[in-house]
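What follows is calculated from the coordinates using simple rules that are stated; it is not laboratory data. None of these values were measured; they are calculated from a predicted model. No Cβ is skipped: glycine too gets one built from the backbone with ideal geometry, and neighbour counts run over all protein chains shown.
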Amino acid sequence: MTLDEIRRLNPRDIGVWPLPAKIAAVLLLILVLLGAAAYFGWMPQYEELEGKQNQEQTLRQEYTAKKAQAINLDLHIQQLKEVEQQFGALLRQLPSKSEMDALLSDINQAGLGRGLQFELFKPSQERLQDFYAELPVDVRVTGNYHDIGAFASDVSQLSRIVTLNDIAITNKDPKDMVLTMEAVAKTFRYLDDEEVAAQRKAKDAQKAPKK
């Protein structure tokens, strides 16, 4: 059919169309129906199927991860017990609140036992953390070099944890062998259950939104 013949076709009287035109019209109608079915029917189903397939893949990955965790559950439990034991051992190295005075006395005696003179031994305000409290002690002692070194060694070997920080050693008189050491001795103690509960309550109060 020529272009002029196609233009002369009357869409209101399809029955008189030539056979090729009828066939072309039927094919076009079929294509339109297939397109509408695909857009309105098949596409949503295809997208739903694709979503289900992605969901299945995610569930398979979660299953694999949880299966691995279940297989290693005994190992994780054992590791947790070991961590708890190590934490307990470290915690036992910290004195309780009632033992702090004795520990401070041990630090003082460590210096006196080496023949040092204390010019300052001043505990500062405790600094509370999650499970422990830090107590800084400002220390200033005088003595010779070897005695000061021995004192620092004795402090590090105490049964409880004590660290010397911000150490400064000066010699006021170069002709004199007497040195002055200033430092901050930090010791730590564990918090009792009531103090831990109070710490958590205070933190929760800080995190709570203000009204």
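The table below lists the values:
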read-out: Residues GLU126 and VAL178, FRET efficiency given R0 of 25 Å [Cβ-Cβ distance, rounded to 0.05]; value: 0.15
read-out: Links that overshoot a 31 Å alpha carbon limit, given the list LYS81/LYS201; LYS81/LYS122; LYS52/LYS81; LYS122/LYS175; LYS67/LYS201; value: LYS81/LYS122; LYS52/LYS81; LYS67/LYS201
read-out: Whole-Å distance, taken between Cα centres, linking the range 58-77 and the range 95-157; value: 50
read-out: Set of aspartates and glutamates with alpha-carbon distance to LYS203 below 12 Å, sequence-local pairs under 8 removed; value: ASP130
read-out: Cβ crowding within 10 Å averaged over residues, with 169-177, 149-157, 132-140 ranked highest first; value: 132-140, 149-157, 169-177
